[in-house]
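The values are calculated or read from the model by the stated rules, or taken from the named source; none is laboratory data. Computed from a predicted structure; not experimentally measured. Cβ sites come from the backbone with ideal geometry, for glycine too, and all protein chains shown count toward neighbours. Just the protein is used for accessible areas: all its heavy atoms, side chains included, with ligands, DNA and RNA removed. Shrake-Rupley method; radii C 1.70, N 1.55, O 1.52, S 1.80 Å.
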Amino acid sequence: MKKFISILLILIVFTSCSEFQKALKSEDIGVKFDVATRQYEKGKYSKAIRLFEQIAPSYRGKPQAEKMFYMYAQSFYKTKQYYSAGYQFESFVSSYPKSEKKEEAAYLAAHSFSKLSPRYSLDQIDTYKAIDKLQAFINEYPDSQYLAEANVIVKDLREKLEKKSFEIAKQYNTISDHKAALVVLDNFIIDFPGTQYKEKALYYKFDSAYKLAINSIESKKVERLNVAKTAYLNLMKFNANTEFKSKADDMLAKIETDLKQFSK
């Protein structure tokens with residue numbers, strides 16, 4: 001019995017492969033469509049794509065075109081070819097504005113672009129593009145069943161941009177370009193007022209102000225010491241029990257000592 005089942009499975013696989021190969025070579029687009037549909041329904045999306053690619057130009061305007069282009073886009077999505085998936089879903093939405101699949105396709109188009117967003121340390125052009133497309137979807141379908149998921153993805157993408165901006169700003173402090181650090185960290189706090197990195201940004205701003213002050217020429221030292229003191233007060237105002245309190249208090253003591261010397 002087991003041997004019979006094994007032979008049957010081999011025959012099914014062989015027949016399926018033979019059917020696919022014949023469809024690839026066939027000149028009949030109807031045959032290609034039927035076989036591509038069966039491959040799609042069996043989850044063999046890469047094979048389906050190969051056949052859909054052959055018939056896509058000829059199927060535009062045909063009765064089955066809507067179904068074909070939906071499966072074509074889904075096949076790219078299922079195989080994680082997100083650039084092609086996004087393009088095909090957008091094309092589907094544009095070509096079939098009355099389709100019952102339009103909302104789903106619009107969401108999957110935006111979602112595909114979000115999948116192209118790289119890790120935060122790399123260039124974020126695709127992240128900005130994904131946010132724009134997701135926001136456009138949210139605006140057009142405010143009652144969509146995909147709304148909650150779309151909002152979560154937008155939030156995650158914005159947090160990635162936030163982290164990228166913070167790490168860039170922090171880097172100026174790390175390389176001791178403290179004058180630039182003050183400007184960039186200040187801009188970061190303004191651009192992301194509710195950021196989870198605000199306490200750290202305030203601390204590194206204070207640290208840069210302090211180091212710039214103590215290394216300044218005498219004519220600029222008092223002014224810069226007072227700027228550093230203000231930065232300390234802003235950090236304490238945000239969180240009096242900050243994790244940086246011990247270091248910050250030590251720097252403040254040095255600032256106070258130096259200011260007293262100038263007041264004599």
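Computed in the context of the full set of protein chains, the accessible area of the stretch 11-104 at 1.4 Å probe radius has 51% of its extent on carbon or sulfur. Have a look at 88, 131, 146 and report the one farthest towards the positive end of the charge dipole of the chain, computed about the Cα centre with Cβ charges (Lys/Arg +1, Asp/Glu -1). The Cα lying farthest towards the positive end belongs to 88.
Cross-link pairs exceeding 22 Å between alpha carbons, from the set 25/101; 78/155; 32/78: 25/101; 78/155. Accessible surface comparison of 31, 154, 183, probe 1.4 Å, protein chains only, largest first: the order is 183, 31, 154. Extension gain for residue 44 to residue 158 (0.36 nm times residue separation, less C-alpha to C-alpha distance): 37.5 nm.
For residue 160, a cut-off of 22 angstrom between C-alpha atoms picks up these lysines, skipping any fewer than 8 places away in its own chain: 80, 115, 129, 133, 170, 198, 200, 205. In this Cβ point-charge picture (+1 for Lys and Arg, -1 for Asp and Glu), the stretch 32-144 has a dipole of about 620 debye about its Cα centre.
Which net charge results for the neighbourhood of residue 195, defined as the other residues with beta-carbon distances under 15 angstrom from its beta-carbon, given Lys and Arg at +1 and Asp and Glu at -1? Spelling it out: positives minus negatives among the neighbours equals +2. How far is helix 2-25 tilted off the main Cα axis of the chain, in degrees rounded to 10, range 0 to 90? So the helix axis and the longest Cα principal axis differ by about 80 degrees. Normalised per residue, the accessible area of the chain is 59 Å², obtained with a 1.4 Å probe and no contribution from ligands, DNA or RNA. With unit charges on the beta carbons (Lys and Arg positive, Asp and Glu negative) and the dipole taken about the Cα centre of the stretch 167-226, which residue among 195, 172, 210 sits farthest to the positive side? Of the candidates, 210 comes out farthest on the positive side. Apply 1/(1 + (r/R0)^6) to the Cβ-Cβ distance of residue 28 and residue 240, taking R0 = 51 Å, and write down the FRET efficiency to the nearest 0.05. Computed FRET efficiency for residue 28 and residue 240 comes out at 0.10.
Note on Cα extents along the principal axes in Å: of the candidates [x] 69, 56, 35; [y] 99, 48, 30; [z] 64, 63, 50, the value calculated from this structure sits at [y].
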